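Enquirer: The structure under discussion is supplied below as C-alpha cells; questions concerning it will follow.
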Protein chains: 2
Amino acid sequence: MKKAPSPSSKSVAAELGVSVATISRVLTRPDLVNRETRDRVLQGIERLGYRPNLIARDLRRGQTRTVLVVVPKLSAFFLEILRGTEQAAEELGFAVLMGNTKGDIRRTITYFDQVASRRADGIILLTGVLPPGAETAAANLPPLVLAAESLKESNLPAVAIDHAGGAEEAVRHLIGLGHRRIAHIAGPDHVLSSRARANGYRKALRAARLAFDESLVQRGDFTVESGEKMLRVLMQQKPTPTAVFCANDEMALGAIRALKSLGFSVPQDVSVVGFDDQEFAELYDPPLSTVHIPRFDIGYQSMMLLRDIVTPQRSVRSTVLPTRLIIRATSAPPPKR
Amino acid sequence: MKKAPSPSSKSVAAELGVSVATISRVLTRPDLVNRETRDRVLQGIERLGYRPNLIARDLRRGQTRTVLVVVPKLSAFFLEILRGTEQAAEELGFAVLMGNTKGDIRRTITYFDQVASRRADGIILLTGVLPPGAETAAANLPPLVLAAESLKESNLPAVAIDHAGGAEEAVRHLIGLGHRRIAHIAGPDHVLSSRARANGYRKALRAARLAFDESLVQRGDFTVESGEKMLRVLMQQKPTPTAVFCANDEMALGAIRALKSLGFSVPQDVSVVGFDDQEFAELYDPPLSTVHIPRFDIGYQSMMLLRDIVTPQRSVRSTVLPTRLIIRATSAPPPKR
DNA sequence: TTGTATGCGTTATCAT
DNA sequence: ATGATAACGCATACAA
C-alpha cells in the first residue's frame, strides 16, 4: 500500500474529460456549472480523493485565511484566549498559527515578518508590547489586533479588559460584607493592568467614603511568594486589615498561605479576593473568590476583529470586555469585635 | 502613510537590474553568487523591504515546513506539550498550526485533510484515537506522530509515556514509607493510560509481595468529584487503607478533599499520591505528591520525530519517555498503631 | 455552460 | 556567475 499523493486538478480534469476550470468552478462557484457535470465532477473528486492544494489557492488569491496568534509565553491564561480564537477561527474558516516570543520582544518582529511573508493574513498580539521600531506610526504594521494587554496610547484595534471596573466590583463586594479596613496587594507598577486594578480599588474606597490608607497598599510581583511576603507586611499595620484584595490569583494564594501560617483562618478572620480566576482558583482550599476575566471572549472577539480588519468594507471597532466577580469561599463578613 | 505591499522578487530584480533568479539565489544559495552582486542585492532587499512570498516558495517546493498539532481539547496538559513542540519547531524552522477536535473524533479527518490540502507537512496527533475509517492500513494517512496517548496496537511513529513505570514508582514510594494497605483510584477502563497505571500499581504490590485486594481498587472518571466519591467508598473497607494512589491529580484532589471532610488529615492519617503533576499540584494545600509527566519533552520529541518522517533519508524511531516521581507533602509514613 | 490561457511569486534547470 | 524560462496548482478573464 503505497501512499498516493493527492492528484491535482489537472489530472482530475483529464480523467473526467473536462477542463481544470470546471473543476475549480465546481469547488468555488458551483452555481456556474451545469448540474450534471457538477455531479459528475463531484463524484470524480470523491473517487480520486482529490483535495485542492490550498497553497496554490492562497497564492492565487493573495490571502491565506490564517491568523497568527502571538503570546509572550504559553501559560494557562493565554490558553483560554487561544481557545476562543480557535473557536472563532473555525467558524470563519481560518487556520490558527502559534507564535511564542518567550518574553523576547524582538521576536515579535520575526512574527510580523511571517505575515509580511504571507504566511498569515494578520496577527493577534497578546504580548502587550510592540517591538521597538514599530511604535512609530510610520512603521509598516501588519493587520493587527491588540488583545488582553492593551498599549498605553495607541489607537490600534484592540480587545481590552475593564481591569479597573473588575477591581472596583471586588472591593465593593468586600465593603458590602462590612469590611472597612481593606488592604491591596498590587502588581508591578509598570504593568498597565496592575495600575488599572489599583485605580479600581481606590475608586471603590472613595465611592464608599472610606479613607485611603497608603500603608494598606503593598506592591508584589504577581508571584505566590510576593503574596506571602506582602501579606506579612500588611498584618503588621494596626489595626490589621480584615480583607485583602490581591491583583492576581497567585498573590492571593500566597496571602492565604501566609495567613494560615500566621494562625488566621480564611475567611473567618480575614477575607481574600483575587483577580484572574485561574483554573486553580476554583480547586483551591478554600475555593478562591476572584474576578473572572472573560479570556475566551477576548480570544473570540479578537479573531472577529481581525477578520473585520482583513476584510475590505467591514468596519472595525475596538472593544472593552467587562469582568465578572466570582464569589467563592474566601470572602465573608469581618469578625465581630 | 499608506501601507505598501511588500514587493515581489520581480520588482526588486527590475529595480536592481538583475534577474529574479539572482534574487532567489542570494536568499537561498548565497555561495552561488558573486560577492559584489550579493551585497548589492542584499542592500536592495533591505531598502525596498522585500520579503519573499513563502506561499509561492512553498508551492514551488511542495512543502510548507508547517506542522499541525491536533489536541482533543485545549487544556493545561496539552499546553505544556505544545510548548515543547513550539520550541522544537522554532529550532527546526517550522511553523505550528493548532487544531482542536473538541472531543469530536470526526473532526480529526478535517485536520488530516488540511495536510492533504498541503497546508501542513504533517500532524502531531494528541487525541489518542484515529478516526473511524483511518484505522485500516489501507487508509491513506498523512505523515503522523502519535504523542502522549498512544494507540493500542499500531506501529505508527509515536512518542509515548511509561505510565506503568510511573505508577509503579509511586506505589513503591508508598511501600517504602511503610504502607501496606494501599488503595488505588483508577481512571476509566477504556483509556489505555489508566489501564497502564493500574498495571503499574499491581506490579509494585506484587514485587513487594503484598496481596492484591480487589476492594481497594475503585474506578473514577478523572474528575475531582469522582475522586471524592471513590475515596468514601474506599474508607468503608476495613481495615481502612493508609494510602491512596490516584490515577490523576484531579482525583487526588478529590480524595484529599473527602479525607479532610471525613476528619482525616493528609498525610498524617492517610497518604495520597496523584499522577500528571499538573500546575495546581504544587500550589495545593498541602502540595501534592505526584508523578510528573515530561510534557515538554513529549512535544519536543514529537516535533523532532515528525521532522524525521517528512525528511527523506532520516530514520524514524518511536520513543517511550520515563516519568518522574515528585514527592511533596501528601505522602508520609503511615500512622503507628 | 464550458474551455483556453494567463498570472500569482517562487525555485530550479538549462543555457550562456 | 548570471539570465531566461518552465513549472508548481490554482482561479479567473475572456473566448467560444
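Read the figures in this text as sums done on the coordinates, not as results from a lab. These numbers were taken from a predicted model, which means no experiment stands behind them. Positions of Cβ are generated from backbone atoms using ideal geometry, with glycine treated the same way; all protein chains shown enter the neighbour counts.
Enquirer: When the C-alpha atoms of the protein assembly as shown are aligned to their principal axes, what extent does each axis show, in angstrom, from largest down?
Expert: On the principal axes, the protein assembly as shown reaches 85, 67, 57 Å in Cα extent.
Enquirer: If you average the sequence gap of Cα pairs under 8 Å that are 6 or more apart and divide by the length of region A:194-260, what percent do you get for the contact order?
Expert: Computed over region A:194-260, the figure is 34 percent.
Enquirer: Could I ask something else about it? Using only the Cα atoms of region B:61-171, build the gyration tensor, take square roots of its eigenvalues as a ≥ b ≥ c, and label the shape rounded, prolate or oblate: rounded if a/c is under 1.5, else prolate if a/b is larger than b/c, else oblate.
Expert: oblate
Enquirer: Projecting each Cα onto the charge dipole of the protein assembly as shown (Lys/Arg +1, Asp/Glu -1 at the beta carbon, about the Cα centre), which of A:75, B:273, A:186 comes out farthest on the positive side?
Expert: It is A:75.
Enquirer: P(r) of chain A in 10 Å steps, Cα pairs, percent per bin?
Expert: All Cα pairs considered, the percentages come to 5, 22, 23, 18, 14, 8, 6, 3, 0, 0.
Enquirer: Let me ask something else. How large are Rg and Dmax for region A:200-337 when only the alpha carbon atoms are used, in Å?
Expert: Looking at region A:200-337, its Cα Rg and Dmax stand at 18.3, 65 Å.
Enquirer: Tabulate in residue order the Karplus-calculated ³J(HN,Hα) for region B:232-237, using 6.51 cos²θ - 1.76 cosθ + 1.60 with θ = phi - 60°, rounded to whole Hz; enter x for Gly and Pro.
Expert: 4, 4, 4, 6, 8, 6
Enquirer: Between copies, how far apart are the residue B:219 label points? List them in nm, one decimal, shortest first, with each point 7 Å from Cα toward Cβ, please?
Expert: Here residue B:219 shows inter-copy label distances of 5.7 nm.
Enquirer: Next question. Counting DSSP beta bridges with both partners in region A:224-326, what percentage is antiparallel, nearest 5?
Expert: 30
Enquirer: Quick one: dipole size for region A:144-277, taken about the Cα centre, charges +1 on Lys/Arg Cβ and -1 on Asp/Glu Cβ, in debye to the nearest 20.
Expert: Roughly 620 debye for region A:144-277.
Enquirer: Whole-Hz Karplus ³J(HN,Hα) for region A:175-186, in order, using 6.51 cos²θ - 1.76 cosθ + 1.60 and θ = phi - 60°, x for Gly and Pro?
Expert: So the Karplus estimates, Gly and Pro as x, are 4, x, 6, x, 6, 10, 9, 10, 8, 9, 9, 8 Hz.
Enquirer: Also, quick follow-up: Do the sum for chain B: with -39,500 (n - 2.57) for every DSSP H run of n ≥ 4, divided by all residues, what is the mean residue ellipticity at 222 nm, to the nearest 500 deg cm²/dmol?
Expert: Roughly -13000 deg cm²/dmol at 222 nm, from the helical runs in chain B.
Enquirer: Looking down the axis that turns B into A, which residue of B has the closest beta carbon, and how many Å out?
Expert: B:280, 2
Enquirer: Whose amide H sits under 5 Å from the amide H of residue B:291, counting only residues 5 or more places off or on another chain, with H placed in the peptide plane?
Expert: B:274, B:275, B:276, B:277, B:326
Enquirer: So how strong a dipole does the protein assembly as shown carry about its Cα centre when Lys and Arg Cβ are +1 and Asp and Glu Cβ are -1, to the nearest 20 debye?
Expert: 780
Enquirer: Further, regarding this structure: Can you put B:303, B:235, A:251, B:230 in order, fewest other beta carbons within 10 Å first?
Expert: B:235, B:230, B:303, A:251
Enquirer: Give me the distance in nm between label points sitting 7 Å out from Cα along the Cα-to-Cβ direction at residue A:324 and residue B:11, one decimal.
Expert: Those two pseudo-labels are separated by 4.8 nm.
Enquirer: Go through region A:258-275 residue by residue and turn each phi into a ³J(HN,Hα) via Karplus (6.51, -1.76, 1.60, θ = phi - 60°); whole Hz please, and just put x for glycine and proline.
Expert: Taking θ as phi minus 60°, the curve returns 5, 4, 4, 6, 8, x, 8, 10, 10, x, 4, 8, 9, 8, 9, 10, x, 8 Hz for region A:258-275.
Enquirer: Sticking with this one: With +1 assigned to the C-beta of every Lys and Arg and -1 to the C-beta of every Asp and Glu, and no other charges, what is the dipole magnitude of chain B about the Cα centre in debye, to the nearest 20?
Expert: With Lys and Arg at +1 and Asp and Glu at -1, about 420 debye.
Enquirer: I've got another one for you. Springs between alpha-carbon pairs under 10 angstrom, Gaussian network model over chain A: which of A:214, A:149, A:86 fluctuates most?
Expert: In this elastic network of chain A, the residue with the biggest mean-square fluctuation among A:214, A:149, A:86 is A:214.
Enquirer: Here is a further query. Within 10 Å of each Cβ of A:248-258, how many other protein chain Cβ atoms are there on average?
Expert: 1
Enquirer: Report, as an integer, the average count of C-beta atoms from other chains found within 10 Å of each Cβ along B:46-52.
Expert: Mean shielding by partner chains, rounded to a whole number: 2.
Enquirer: Over chain A, what relative contact order in percent results from Cα pairs under 8 Å that are six or more residues apart?
Expert: Contact order relative to length: 17 percent.
Enquirer: Take every DSSP beta bridge whose two residues both sit in chain A, then give the antiparallel share in percent to the nearest 5.
Expert: DSSP beta bridges in chain A are roughly 10 percent antiparallel.
Enquirer: Can you list, shortest first and in nm, the gaps between the label point of residue B:316 and those of its counterparts in the other copies, using a point 7 Å from Cα in the C-beta direction?
Expert: Spacings between copies for this position, smallest first, are 4.0 nm.
Enquirer: What does the copy distance list look like for residue A:30, label position 7 Å along Cα→Cβ, in nm and ordered from shortest?
Expert: 5.1
Enquirer: Here is a follow-up. Using the structure shown, select from A:229/A:336; A:10/B:10; A:238/A:336 the pairs with a Cα to Cα distance greater than 20 angstrom.
Expert: In this structure, A:229/A:336; A:10/B:10 lie more than 20 Å apart at Cα.
Enquirer: Continuing with this model, one more query. What distance in nm lies between label points placed 7 Å from Cα along the C-beta direction at residue A:34 and residue A:104?
Expert: Simple spin-label model gives 6.0 nm for this pair.
Enquirer: A further question follows. Can you pull out the trypsin sites (Lys or Arg not before Pro) in region A:1-108 whose DSSP state is coil and whose Cβ has at most 14 other Cβ atoms within 10 Å?
Expert: In loop regions of region A:1-108 (DSSP not H, G, I, E or B), the sparsely surrounded trypsin sites (Lys or Arg not before Pro) are A:2, A:3, A:73, A:102, A:106.
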